[in-house]
1. Does any residue of the range 125-135 turn out to be closer than 20 Å to Val183 by Cβ and either in contact with a Lys or Arg (Cβ under 7 Å, 6 or more places away or on another chain) or in contact (Cβ under 8 Å) with a residue 24 or more places away in the chain (or both)?
2. Just for the range 62-107: of the residues that are at pLDDT below 95 and β-branched (Val, Ile, Thr), which one is farthest from Gly188 (Cα to Cα)?
3. Out of all the residues in the range 194-227, which are in a loop (DSSP other than H, G, I, E, B) and either under 20 Å from Leu109 (Cβ atoms) or acidic (Asp, Glu) (or both)?
4. Can you tell me which of (1) outside any loop (DSSP other than H, G, I, E, B); (2) among the small types (Gly, Ala, Ser); (3) touching a residue at least 60 places away in the same chain (Cβ under 8 Å); (4) closer than 30 Å to Ala45 by Cα is the one Ala66 doesn't meet?
5. Against the definition (within 25 Å of Val50 (Cβ to Cβ), small (Gly, Ala, Ser) and surrounded by 15 or more Cβ atoms within 10 Å (Cβ to Cβ)), how does Ala235 come out, yes or no?
6. Can you pull out the residues in the range 135-174 that are among the charged types (D, E, K, R), within 16 Å of the chain's Cα centre (by Cα) and within 25 Å of Ala228 (Cα to Cα)?
Amino acid sequence: MAEIEISRSGAVLELTLNRPAKKNALTSDMYRQLAAGLEEAESDASIGAVLIKAEGGVFTAGNDIADFVRAAQGGEAQAAVAFVRKIARFSKPMVACVEGIAVGVGVTLLLHCDLIYVAPDARFSLPFVNLGLLPEAGSSLLLPRRVGMARASALLLLAESFDAGEALSAGLVNAVVANDSLVEFARGKAAALAAKPRAALLQARAFLRGDTDEVSARIEAELAAFGAALKTPEAQAALAAFLNKSK
């Protein structure tokens, strides 16, 4: 079974993370499939919105660290980079629903979504600094816009984890929904978006999202800083400790 399932529900394209045995940790192949799904949705005029969800009661533990380290050491981390670039410039509405943990890129990708619905057990973490790394996916720009500078500083600099209630009060997510109805609730919201007059919807979204060039420029600056940080003894030691712990 594919680790990223791409399916349709009416005019909604659904991207489902389906690697529950590994807490849906993202590999290079999964990033490639996600980018391909977004490309399909972008080019298909019959698709009006995208829903991002996950199997197994967990959204994602973030990057598969072993896969990420191999890709970075081999100079092949471009799959993750291509996905981040794609999602930042994606023009159609995106809805996400989150159960369980969302770590690292599992949070930063949400900043590119328009509507986010989470289960009561959702828990979020941005542990970049703890790993000797830098925030990515434009999060240093988008998170303060979404939740304010004070909260963003605590979340990115202190790397404090937070729960569904805190995410709601911060304005990161739209609603907390019971686990057993979360997917259908989010699917209904995505369908409602897809049913709107398309041109007006896309233009309204574009105005809300703001200058994509600014976001893309921040992503490129973050990528350069992230790559430099990855080579430091701090980051290498932190990643090695993580891999040893996971073994």
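The values are calculated or read from the model by the stated rules, or taken from the named source; none is laboratory data. The model shown is predicted, which means the values in this text are computed figures rather than measured ones. We place every Cβ from the backbone using ideal geometry, glycine too, and count neighbours over all the protein chains shown.
1. There is no residue in the range 125-135 that is closer than 20 Å to Val183 by Cβ and either in contact with a Lys or Arg (Cβ under 7 Å, 6 or more places away or on another chain) or in contact (Cβ under 8 Å) with a residue 24 or more places away in the chain (or both).
2. Out of the qualifying residues, it is Val69.
3. Result: Gly210, Asp211.
4. (4)
5. no
6. The answer is Glu136, and nothing else.
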